[in-house]
Amino acid sequence: MAWLRLFSRTLKSDKLPIILRPLPKVSWSPPNPNPSFTTRPLSTSFLITKTPDKFKKKRKKPESARTKPVQHDSTRLQHLESLVTRDARFRFLTRSKEFITKQPDRILRLDDAGKLYRELGFPRGRKVTRFIPKHPLIFQTYRHSDGKMWLGFSDLMEDLLEEERALMDSMELDRVNRVRKLLMMTKEKRILLSKIHHARLIFGIPDDFRDRVGKYPDYFRVVTGQDGNRVLELVNWDPNLAVSELERTFMVDEDKARRAFKFPLKHGKELELEERDTRKLNQLNTLPLVSPYSDGWKLDVWTLEAEKYRVGIVHEFLSLTLEKRASIHHIVEFKDEFSLTRQTYQMLKKQPSTFYLAGTEMNWAVFLKDGYNGDGVLISKDPQVLFNEKLYKFADMQQMDNDSCPIER
């Protein structure tokens, strides 16, 4: 009976309308126009998803401090920059003159000269034998009896050396006073003799100054330090020498001394000061100046008075040089004696009215702008400066004419 009931129910369901019957699930796809080609999922592997290197914007590498100029093009003084270039060009002349002069008979084997390019100041990588013939009025080579080639000075250069020696003797007292003023500016009134010897050229100090100090027992005393180095000490304080160049300028032209430096006075923006009023307000900080011959080293390092003292030290230091300028190496040489800080470079850049920094950030030179006219010519030239200029001129000459005048190359 059970099977009859199941059969009857099946018949009844078959009699239902077709509309009410559940439809089977069928997936639909468009007809393939090319039955021989099987469709697959689209691949994007051929598309470029990254920007090629040649189209990438390259970052500009920061310029090295070795080559980056101190001054921007808008503030560069080319006539002062050219003096730094000239020094580099004639470095060989200065060093060769000093080195060969100390050799026996003032001669040197040419084979040895090639190995001593650093001592002689010749450019590295260049053969000395090719460099020397470019300066025939200064150097000469000859073959000795031993068959070796030797390097020495020309007759003209020998005469110039004797002239310079006489000049050094005549200016000895002036150089002594310069050293005395340097000692009076130092913290302990003493300087290593080796440091004075290293910086002797910018002050016009003779090479044998260490032997000449014994002639002035009232001014100097040479002692031996704990490390065995010889130290030059000041014996007597001279108040007549303890007057800085800034103080002399102040007595003659007070306004010029006020304009020499700029020490901004901090104030709120709500004051809305005009440029003229701001300048007058800043001048309130300029005076009084701190003498470089005072005990300014005792001041707190980061106070305004201490900065005035250090600025005055550098100003007086440059005033004592022959050409009113010095390199970073000379400034750093006396850093401890003058109580200078590592921020000396930034300190000088904040005083563009008085100091001009030339060269690169790693190898810069500082000029005292008041010492030069608008054309970059030294206003007051020491006899040693005039001699050096004459020597540079001869170094650029090829021969002498009948009237003993050099002929340029």
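The values are calculated or read from the model by the stated rules, or taken from the named source; none is laboratory data. Being a predicted model, the structure only gives us computed values, none of them experimental. Every residue, glycine as well, gets a Cβ built from its backbone with ideal geometry; the counts of neighbours run over all protein chains shown. Quick note on the areas: whole protein, heavy atoms, side chains included, nothing else; ligands and nucleic acids left out. Shrake-Rupley method; radii C 1.70, N 1.55, O 1.52, S 1.80 Å.
Exactly one residue among Leu289, Leu304, Leu322, Leu340 is modelled with pLDDT of 95 or more and either more than 19 Å from His198 (Cβ to Cβ) or in contact with a Lys or Arg (Cβ under 9 Å, 6 or more places away or on another chain) (or both), and that residue is Leu322. Only a single criterion out of (1) open to solvent by 70 Å² or more (accessible area, probe 1.4 Å); (2) out of contact with any strand residue (DSSP E or B) (no Cβ under 9 Å at 6 or more places or on another chain) is not satisfied by Val301, namely (1). Search the stretch 312-355 for residues being in contact with a Phe, Trp or Tyr (Cβ under 6 Å, 6 or more places away or on another chain) and in a helix (DSSP H, G or I), and hand back the single one that is farthest from Ala65 (Cα to Cα). Only one residue tops the list, namely Ile313.
Within the stretch 93-101, the presence of at least one residue that is surrounded by 13 or more Cβ atoms within 10 Å (Cβ to Cβ), in contact with a strand residue (DSSP E or B) (Cβ under 7 Å, 6 or more places away or on another chain) and more than 22 Å from Ser327 (Cβ to Cβ) is confirmed.
Within the stretch 181-191, can you find the residues that are in contact with a strand residue (DSSP E or B) (Cβ under 7 Å, 6 or more places away or on another chain) and either open to solvent by 10 Å² or more (accessible area, probe 1.4 Å) or part of a helix (DSSP H, G or I) (or both)?
Taking the stretch 181-191 and keeping what is in contact with a strand residue (DSSP E or B) (Cβ under 7 Å, 6 or more places away or on another chain), we get 182-184, 189-191.
Once the filter is applied, which keeps residues that are in contact with a strand residue (DSSP E or B) (Cβ under 7 Å, 6 or more places away or on another chain) and either open to solvent by 10 Å² or more (accessible area, probe 1.4 Å) or part of a helix (DSSP H, G or I) (or both), the stretch 181-191 yields Leu182, Leu183, Met184, Lys189, Arg190.
Of the residues making up the stretch 77-136, those that are of a type in the set (A, V, I, L, M), within 24 Å of Lys390 (Cα to Cα) and assigned to a helix (DSSP H, G or I) are Leu80, Leu83, Val84, Ala88, Leu93, Ile100, Leu120, Val128, Ile132.
Does Lys393 count as in contact with a Pro (Cβ under 9 Å, 6 or more places away or on another chain) and surrounded by fewer than 16 Cβ atoms within 10 Å (Cβ to Cβ)? Yes, satisfied.
Residues of the stretch 207-250 that are within 18 Å of Lys187 (Cα to Cα), in contact with a helix residue (DSSP H, G or I) (Cβ under 8 Å, 6 or more places away or on another chain) and among the basic types (Lys, Arg): Arg230 alone.
Total residues in the stretch 234-257 satisfying the condition of being open to solvent by 70 Å² or more (accessible area, probe 1.4 Å) and at pLDDT below 75: the figure is 3. Pairing residues of the stretch 47-71 that are open to solvent by less than 100 Å² (accessible area, probe 1.4 Å) with residues that are modelled with pLDDT under 75, at Cβ distances under 7 Å and at least 6 apart in sequence or on separate chains, gives no pairs at all.
Reported count of residues in the stretch 358-397, each being assigned to a strand (DSSP E or B) and either polar (S, T, N, Q) or farther than 20 Å from Leu201 by Cα (or both), is 2.
Kindly indicate which of Lys369, Lys350, Lys335 is in contact (Cβ under 8 Å) with a residue 40 or more places away in the chain and open to solvent by 30 Å² or more (accessible area, probe 1.4 Å). Give the derivation first.
On the way: Lys369 fails: in contact (Cβ under 8 Å) with a residue 40 or more places away in the chain; Lys335 fails: in contact (Cβ under 8 Å) with a residue 40 or more places away in the chain.
Only one candidate passes the filter, namely Lys350.
If you go through the stretch 50-88 and keep only what is of a type in the set (D, E, K, R) and over 30 Å from Lys350 (Cα atoms), you end up with Lys50, Asp53, Lys54, Lys56, Lys57, Lys58, Arg59.
Looking at the stretch 192-233, which of the residues that are over 22 Å from Ala326 (Cβ atoms) and aromatic (Phe, Trp, Tyr) is least open to solvent (accessible area, probe 1.4 Å)? Step by step, filter the stretch 192-233, then rank; the result is Phe220.
Every residue, every condition in (1) in a loop (DSSP other than H, G, I, E, B); (2) in contact with a Cys (Cβ under 9 Å, 6 or more places away or on another chain); (3) in contact (Cβ under 8 Å) with a residue 12 or more places away in the chain, yes or no:
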| site | (1), (2), (3) |
| --- | --- |
| Ile202 | no, no, yes |
| Pro206 | yes, no, yes |
| Val213 | no, no, yes |
| Arg221 | no, no, yes |
| Asp227 | yes, no, no |
| Glu233 | no, no, yes |
| Pro239 | yes, no, no |
| Ala242 | yes, no, yes |
| Arg248 | no, no, no |
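Only one of Arg165, Arg190, Arg180 is among the basic types (Lys, Arg) and free of Cβ contacts under 8 Å to residues at least 12 places away in the same chain; which? Just a single option satisfies the conditions, and that option is Arg165. Out of all the residues in the stretch 309-323, is one or more polar (S, T, N, Q), open to solvent by 10 Å² or more (accessible area, probe 1.4 Å), under 21 Å from the mean Cα position of the chain (by Cα) and under 30 Å from Glu163 (Cβ atoms)? Among the residues of the stretch 309-323, at least one is polar (S, T, N, Q), open to solvent by 10 Å² or more (accessible area, probe 1.4 Å), under 21 Å from the mean Cα position of the chain (by Cα) and under 30 Å from Glu163 (Cβ atoms), which makes the answer yes. For the stretch 102-128, the tally of residues that are open to solvent by 50 Å² or more (accessible area, probe 1.4 Å), within 31 Å of the chain's Cα centre (by Cα) and not small (Gly, Ala, Ser) stands at 8.
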